[in-house]
Amino acid sequence: MSYTSIIFSSQKKKSRKKFESLLQIIDYKKGLKKVYLLRKLVVKVKFEQILNRIAVIDRDINELNKIKSQLPDDRPYSSGLQLIFDKQITNLLNERNIILDQKIPNPPAWLHTTKNGQAKYEVIQTIPAETEFTNTEPTDQDIMSFIKALPKTEVHLHLEACVNKQTLKQMFKNNGIKISEEEFEKHYTFHDLNGFIQLFLFIQSAVKSHKDFSYMIDSLAEYMRNDNIKYSEVFVAPTKFIQNGIDFEKMMDVIVKRIREIKQEDGTEINILVDVSRTFGQENAMNNLNRVLKLKHPEVIGIGLGGAEQMGPAKDFETVFKKAKEEGLRTVVHAGEDEGPISIWDSINYLKVERIGHGTSAIQDPDLVEYLRESQIPIEICLTSNVFTGKYVKKEENHPVRQYFDQGVYTCINTDDPEIFDVSLSYEYFKMYRFLNFSIEELIQLIKKGIYATFHQDKDAVWKKFETEILKIRKKHNL
Ligand SMILES: [Zn+2]
């Protein structure tokens, strides 16, 4: 058992009072003092100073948002200025998160609760080093196997990114493409966005005919079964495949046929959202929509707008989404993953979307957070993916999902690219527990929210089934 102490360190003596974002932790463990210092000078900081700094940050963010909202949006310099404001706000939010992340030993009583009675800081008791502890807390392993056993749904994942290594090797083999083991593995040891894109293209390069999509759906079903995911909505992005000569209709027939067989086999349900893609422009997106409209498969339930967010502003796709809605298709958009709040506003105002993928940058704009809370538009949280991209959040602990959830914004948990990031949906839920202090009760609320965020025909029936199952699992795992 250990307790921690807040320490502020700075390289420059003069700037120590400034309280920059350089908090470090001293950890005492059974009398052994462990000091983690990145800088040489160490100064203890008073609670008042911490609170003052937070107040200053909050004030500055408010001011910046106010000025930002007054910027005209039809001038050539507007987007540049917008980005500068967003950057400054992000820096302040990161600093705020670093400060709030620190554990405070023995805070004064008045610090324990906020106005609405919620605990503001975690209280860590000072315990004599020689005390023996009996650990009654569940281990990480206990929590993980509990989460894995819980029934779940998922709505933000991409078909290519659900193809496991074994299936991919088989697809290469079937299509007569020889890849050495070394070269194959090399693609999976990426560390940056470019490496990620290369792996994505590598997976796409294994697809040579519409029949290959059957293997991809099998791999998705295997991923779902392993993690007790009963229902999913998966993105299928056809543009690249069509460019490579694959027939869209045949490809969708194969996908739907396999989906129906799988549902027949064990009840695992999959529906399709066709990613019309913003990367290839508006005309291509409209062509993709028209292809979807020709299909008569009930499993193809809607369209999504994925691809490079900076390359295609959501508002460019207004007519595509308007038509899709008129034709009864469901609509979702990737927004606020790689662009600021304006991208989310555009998706709401111009595309009238029903769900927002990622929505990470919404935290920068309190008016937007308030709008999301009021409207209850679900945000598809993809924690691992967001930390990997690193645009608006660098550490799991700082992900805004905690704030969204606490402020009543509708959130649901997803993997985005499970086989590429080597994560499961259970692990994403576990990260909520481990890094963002979601309780077991809250995890179950997230599972329920996950169901009601789907476009499933009978969400009440799914929840009823889940509820009974969850009760049994909680009893079994004593959680
Ligand atoms: Zn995505």
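The values are calculated or read from the model by the stated rules, or taken from the named source; none is laboratory data. Note that the coordinates shown come from a computational prediction; the quantities given were computed from them, not determined experimentally. Counting neighbours? That spans all protein chains shown, and the Cβs are built from the backbone with ideal geometry, glycine included.
May I ask you to verify whether residue 438 is at pLDDT 95 or above, more than 15 Å from the ligand (Cβ to nearest atom), more than 29 Å from residue 315 (Cβ to Cβ) and in a helix (DSSP H, G or I)?
No.
Of the conditions (1) farther than 18 Å from residue 455 by Cβ; (2) under 23 Å from the mean Cα position of the chain (by Cα), residue 249 clears all except one; give me its number.
The number of the failed condition is (2).
Out of the range 156-173, which residues are in contact with a Pro (Cβ under 8 Å, 6 or more places away or on another chain) and not in a helix (DSSP H, G or I)?
The one that is in contact with a Pro (Cβ under 8 Å, 6 or more places away or on another chain) and not in a helix (DSSP H, G or I): 157.
Among the numbered conditions (1) more than 14 Å from the ligand (Cβ to nearest atom); (2) buried (at least 24 other Cβ atoms within 10 Å of the Cβ); (3) under 24 Å from residue 87 (Cβ atoms), tell me where residue 315 comes up short.
(2)
Does any residue of the range 263-277 turn out to be surrounded by 13 or more Cβ atoms within 10 Å (Cβ to Cβ), over 23 Å from residue 218 (Cβ atoms) and in the same structural domain as residue 229 (by TED's automatic domain parsing)?
Looking only at the range 263-277, we keep the residues that are surrounded by 13 or more Cβ atoms within 10 Å (Cβ to Cβ), and these are 263, 268-277.
Narrowing the set further to residues that are over 23 Å from residue 218 (Cβ atoms) leaves 276-277.
Of the ones still in play, those that are also in the same structural domain as residue 229 (by TED's automatic domain parsing) are 276-277.
Yes, the range 263-277 contains at least one residue that is surrounded by 13 or more Cβ atoms within 10 Å (Cβ to Cβ), over 23 Å from residue 218 (Cβ atoms) and in the same structural domain as residue 229 (by TED's automatic domain parsing).
Every residue in the range 346-364 that is under 19 Å from residue 282 (Cα atoms) and either surrounded by fewer than 24 Cβ atoms within 10 Å (Cβ to Cβ) or among the aliphatic types (A, V, I, L, M) (or both), please. Walk me through how you get there before you give the answer.
First, pick out the residues of the range 346-364 that are under 19 Å from residue 282 (Cα atoms): 346-353.
Those that are under 19 Å from residue 282 (Cα atoms) and either surrounded by fewer than 24 Cβ atoms within 10 Å (Cβ to Cβ) or among the aliphatic types (A, V, I, L, M) (or both): 346, 348, 349, 350, 351, 352, 353.
What is the one condition in (1) under 18 Å from residue 463 (Cβ atoms); (2) more than 13 Å from the chain's Cα centre (by Cα) that residue 411 does not satisfy?
Tallying (1) under 18 Å from residue 463 (Cβ atoms); (2) more than 13 Å from the chain's Cα centre (by Cα), residue 411 fails exactly one: (2).
With the checklist (1) buried (at least 23 other Cβ atoms within 10 Å of the Cβ); (2) under 20 Å from residue 454 (Cβ atoms); (3) not hydroxyl-bearing (Ser, Thr, Tyr) in hand, flag the one item residue 325 doesn't pass.
Against the list (1) buried (at least 23 other Cβ atoms within 10 Å of the Cβ); (2) under 20 Å from residue 454 (Cβ atoms); (3) not hydroxyl-bearing (Ser, Thr, Tyr), residue 325 comes up short only on (1).
Give the number of residues within the range 322-361 that are over 20 Å from residue 376 (Cα atoms) and at pLDDT 95 or above.
6
Is it the case, given these coordinates, that residue 326 is more than 16 Å from the ligand (Cβ to nearest atom), under 20 Å from residue 457 (Cβ atoms) and assigned by TED's automatic domain parsing to the domain that holds residue 362?
For residue 326, the condition - more than 16 Å from the ligand (Cβ to nearest atom), under 20 Å from residue 457 (Cβ atoms) and assigned by TED's automatic domain parsing to the domain that holds residue 362 - is not met.
Anything in the range 339-353 that is more than 16 Å from the chain's Cα centre (by Cα) and either within 15 Å of the ligand (Cβ to nearest atom) or without any contact (Cβ under 8 Å) to a residue 60 or more places away in the chain (or both)? List them, or say none.
Across the range 339-353, the qualifying residues are 343, 345, 346, 347, 348, 349, 350, 351, 352, 353.
If we scan the range 367-381, do we find a residue that is closer than 25 Å to residue 477 by Cα, among the polar types (S, T, N, Q) and out of contact with any strand residue (DSSP E or B) (no Cβ under 9 Å at 6 or more places or on another chain)?
no
So that you can scan it fast, the table gives a plain yes or no per residue for (1) at pLDDT below 85; (2) within 16 Å of residue 338 (Cα to Cα); (3) surrounded by 17 or more Cβ atoms within 10 Å (Cβ to Cβ); (4) in the same structural domain as residue 342 (by TED's automatic domain parsing):
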{"position": "65", "(1), (2), (3), (4)": "no, no, yes, no"}
{"position": "69", "(1), (2), (3), (4)": "yes, no, no, no"}
{"position": "75", "(1), (2), (3), (4)": "yes, no, no, no"}
{"position": "82", "(1), (2), (3), (4)": "yes, yes, yes, no"}
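Considering each residue of the range 363-387, count those that are over 20 Å from residue 98 (Cβ atoms) and within 16 Å of the ligand (Cβ to nearest atom), and give that number.
7
Kindly provide the set of residues from the range 69-98 that are over 17 Å from residue 59 (Cβ atoms), in a helix (DSSP H, G or I) and of a type in the set (A, V, I, L, M), ordered by number.
81, 83, 84, 98
Give 244, 288, 226 a once-over and let me know the one that is within 30 Å of residue 146 (Cα to Cα) and not charged (D, E, K, R).
When all the criteria are applied, what remains is 226.
Report yes if residue 235 is under 27 Å from residue 394 (Cα atoms), assigned to a helix (DSSP H, G or I) and of a type in the set (Phe, Trp, Tyr), otherwise no. If you could, list the steps in order and put the result at the bottom.
Working: under 27 Å from residue 394 (Cα atoms): yes; assigned to a helix (DSSP H, G or I): no; of a type in the set (Phe, Trp, Tyr): yes.
Answer is no for this residue.
Considering only the range 394-419, how many residues are of a type in the set (A, V, I, L, M, F, W, C) and within 14 Å of the ligand (Cβ to nearest atom)? Talk me through it step by step, then tell me what you get.
We begin by selecting, within the range 394-419, every residue of a type in the set (A, V, I, L, M, F, W, C); these are 401, 405, 409, 412-413.
Filter once more, so that each one left must be within 14 Å of the ligand (Cβ to nearest atom): 412-413.
Of the residues in the range 394-419, 2 are of a type in the set (A, V, I, L, M, F, W, C) and within 14 Å of the ligand (Cβ to nearest atom).
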